[in-house]
Amino acid sequence: MRLTGPANSRRNAKRLRAEMTPPEIALWLALRRNEAGLRFRRQHPAGNYVLDFYCAPAMLAIEVDGEAHSRGDRPERDTARDAWLTGQGIRVLRYPAVEVLNDLEALVRQIMTAAIERRHALSA
């Protein structure tokens, strides 16, 4: 299944790639070259949403949540977004931005383990 979005989501994704936060940049640099050979996309359009990172072979989305994700209606919006993605067969992993900066190596190991296991399960 190819996951994409409408033109406005694709434009938003392009803009967000140019405006990545320091935690997103750090994670991108760690994910883009990995020993498992898995390809991750950054700021990938998915329906009306833009995923921080997406690994298509594993149908895995990784979200880096900054402080704004705990304010206003963001928790409800994130819940609705995760439900939509789950309905599309996508597994979502969410990490606080501060965790990305404080323990990047462990977080990348966890993401890679999840991606490899999920890719294997989907191909079985």
(message) Please verify whether Leu3 is at pLDDT 95 or above and not basic (Lys, Arg), treating the condition exactly as stated.
(response) no
(message) Asp82 - would you say it is within 28 Å of Ser123 (Cβ to Cβ) and either among the basic types (Lys, Arg) or surrounded by 15 or more Cβ atoms within 10 Å (Cβ to Cβ) (or both)?
(response) yes
(request) Name the residue, out of Glu76, Glu35, that is assigned to a loop (DSSP other than H, G, I, E, B) and modelled with pLDDT under 95. (result) Glu35
(message) Going through Ala26, Ala61, Ala30 one at a time, which residue ends up being in a strand (DSSP E or B) and modelled with pLDDT of 90 or more?
(response) Ala61
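Condition check ((1) in contact (Cβ under 8 Å) with a residue 40 or more places away in the chain; (2) closer than 20 Å to Ala36 by Cβ) across all residues:
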position: Asn48; (1), (2): yes, no
position: Ala61; (1), (2): no, yes
position: Arg94; (1), (2): no, no
position: Thr113; (1), (2): no, yes
(request) From Leu122, Leu107, Leu101, Leu85, grab the single residue that is in contact (Cβ under 8 Å) with a residue 24 or more places away in the chain, assigned to a helix (DSSP H, G or I), closer than 26 Å to Arg11 by Cβ and hydrophobic (A, V, I, L, M, F, W, C). (result) Leu85
(request) Exactly one condition in (1) under 18 Å from Pro22 (Cα atoms); (2) exposed (fewer than 14 other Cβ atoms within 10 Å of the Cβ) is not met by Leu104; state its number. (result) (2)
(request) Considering (1) of a type outside the set (A, V, I, L, M); (2) in contact (Cβ under 8 Å) with a residue 40 or more places away in the chain; (3) part of a strand (DSSP E or B), say which one Asp52 fails and leave the rest. (result) (2)
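The values are calculated or read from the model by the stated rules, or taken from the named source; none is laboratory data. Because the structure is a prediction, the values reported are computed rather than measured. Please note: Cβ atoms are built from the backbone with ideal geometry, for glycine as well, and neighbour counts cover all protein chains shown.
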